[in-house]
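So the structure is just underneath, and the comments pick up after that.
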Amino acid sequence: MTQLTTTEKKAKELGTLDVQNLIYKEYLETYKLRQGKTFDELVRMANDPQRYSKVLVKNKEKI
Amino acid sequence: MESPATIEELDRLAIEFSGTRKKPLLILYYHEFEGEMREDDVEHICQEIKRRGFHRENKLENLDVLLHTIGGDPHAGYRIAQLIRGVTPEVTFLIPEYAFSAGTLSCMCGNEIRLGECAVLSPFDISFSTRRGTSGDIELMSIDYFKNFATDCREQAERMLTRLGSHNPSKVESDLLVEMAKQVGTLNIGRFYRARTLTGYYAEMLLLEYMFEQMPNKDDLSNKIIHAFLFEYPTHDFHMDFHICRKLGLPVQEMIVDESDKSKKLISILKQLTALGIICRTIRDAYKAPFIRLYM
């Protein structure tokens with residue numbers, strides 16, 4: 001609880017530039033994940049039935 | 001010579017502005033044609049509000065949202081609006097210069113929209129392109145107008161044929177429409193119409209749930225506004241100033257001169273800081289991160 005409060009306090013005290021750098025870093029990471037792929041390719045990847053069936057199997061294994 | 005803008009100067013002005021208005025201030029700044037509203041922004045705005053200690057269960061009493069954008073994804077515009085309303089029961093949108101398209105859509109969740117001197121909103125028509133602002137943009141309104149043009153052409157051709165004694169129908173309209181479908185692509189046309197229905201739906205949700213929630217004639221008002229935004233204005237980049245917005249029935253106010261000057265000064269500093277590479281840094285070619293900050 002104390003640790004959570006400290007983290008929250010620290011986040012609250014982040015300066016404008018710190019926040020912008022944090023946001024920029026996260027945008028950049030997301031962009032890198034998608035880099036070189038068109039929107040259609042990303043949608044195809046997400047909806048690939050083979051990929052989906054693998055996820056389904058994994059989920060069943062977990063249960 | 002004026003000294004270059006600094007983050008400290010931005011913070012000082014923003015806090016001063018927020019103090020004058022006696023409300024917290026959320027700045028959402030998208031840099032000209034290199035910044036556009038995207039769904040990714042929703043999470044970052046949510047995080048910034050949370051960092052400052054507010055969320056759905058610990059709401060802000062009220063909030064000013066200073067918005068500067070050329071627009072972007074209508075899904076983003078709608079979700080940002082819902083996110084903002086989720087953390088406060090009272091929102092005022094401050095538009096120092098412009099909030100176009102998806103930005104205008106976001107404003108539809110406000111209790112009030114305050115426009116700076118000469119500030120404008122725009123219709124939220126649908127346009128698709130690989131890069132915003134390029135001549136390759138196709139607007140749904142252009143398709144509507146082309147359809148009207150094709151009908152006019154047929155009517156004129158048939159009038160001429162009647163004068164010459166012929167009663168055969170002219171096929172100029174279908175020829176023109178076939179040519180348009182070839183150029184734009186039939187599936188694209190379908191996508192445009194679907195997206196327009198979707199944008200209309202989003203706008204209706206925001207207007208009924210928030211902007212006109214307390215109005216007895218909220219259905220009529222929102223229908224009138226949605227129809228105007230989607231169908232009546234001549235182009236996507238039609239500029240809707242205070243007078244047009246007020247005539248339409250939107251709850252707009254003109255900022256007083258001092259307020260307008262200060263809000264424009266904030267935008268000017270944000271532009272300078274972007275040019276200096278301090279904020280809104282480039283993520284990829286022609287796309288910069290937005291500036292998101294909640295000042296208390």
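Only the coordinates and a few stated rules stand behind these numbers; no lab work does. Predicted, not measured: the structure shown is a model, and the values here were computed from it. Glycine also receives a Cβ, built like all others from the backbone with ideal geometry; neighbour counts cover every protein chain displayed.
Legend: ranking of residues B:Lys271, B:Lys22 from fewest to most surrounding C-beta atoms inside 10 Å; resulting order B:Lys22, B:Lys271. Between the helical axis of B:218-227 and the longest alpha-carbon principal axis of chain B there is an angle of about 60 degrees.
The distance between label points at B:Val178 and B:Ala275 comes to 5.3 nm (points 7 Å beyond Cα on the Cα→Cβ vector). Mean partner shielding of peptide B:35-43, defined as the number of other chain Cβ atoms within 10 Å of each residue Cβ, is 1. Taking only Cα atoms, what is the 0 to 90° angle, nearest 10, from helix B:257-275's long axis to the longest principal axis of chain B? Result, in degrees: 90. The length gained on full extension between B:Lys147 and B:Cys118, counted as 0.36 nm times the residue separation minus their Cα-Cα distance, comes to 7.1 nm.
On alpha carbon coordinates alone, what is the Rg over Rh value for chain B, Rh being the Kirkwood radius?
Details: Rg = 21.9 Å, Rh = 20.7 Å.
Reported Rg/Rh (Cα atoms, Kirkwood Rh): 1.06.
Just to verify a number: FRET efficiency for B:Asp285 and B:Gln214, C-beta to C-beta distance, R0 = 56 Å, to 0.05?
Details: r = 46 Å, r/R0 = 0.82.
Rounded to the nearest 0.05, the efficiency is 0.75.
Would you tally the net charge around B:Pro169, using a Cβ to Cβ cut-off of less than 14 Å, leaving B:Pro169 out, and scoring K and R as +1, D and E as -1? Could you put the intermediate results ahead of the total?
Working: positive: B:Arg154, B:Arg159, B:Lys171; negative: B:Glu155, B:Glu158, B:Glu173, B:Asp175.
Once positives and negatives cancel, what remains is -1.
Over chain B, what is the percentage of antiparallel beta bridges among all DSSP beta bridges, to the nearest 5? Mind dumping the intermediate values first?
Numbers: 11 of 31 bridges.
Of those bridges, close to 35 percent are antiparallel.
Of all beta bridges DSSP finds with both residues in the protein assembly as shown, what is the antiparallel percent, to the nearest 5? Among the beta bridges of the protein assembly as shown, antiparallel pairing accounts for roughly 35 percent. Across peptide A:21-30, the average count of Cβ atoms from other chains found within 10 Å of a residue's Cβ is 6.
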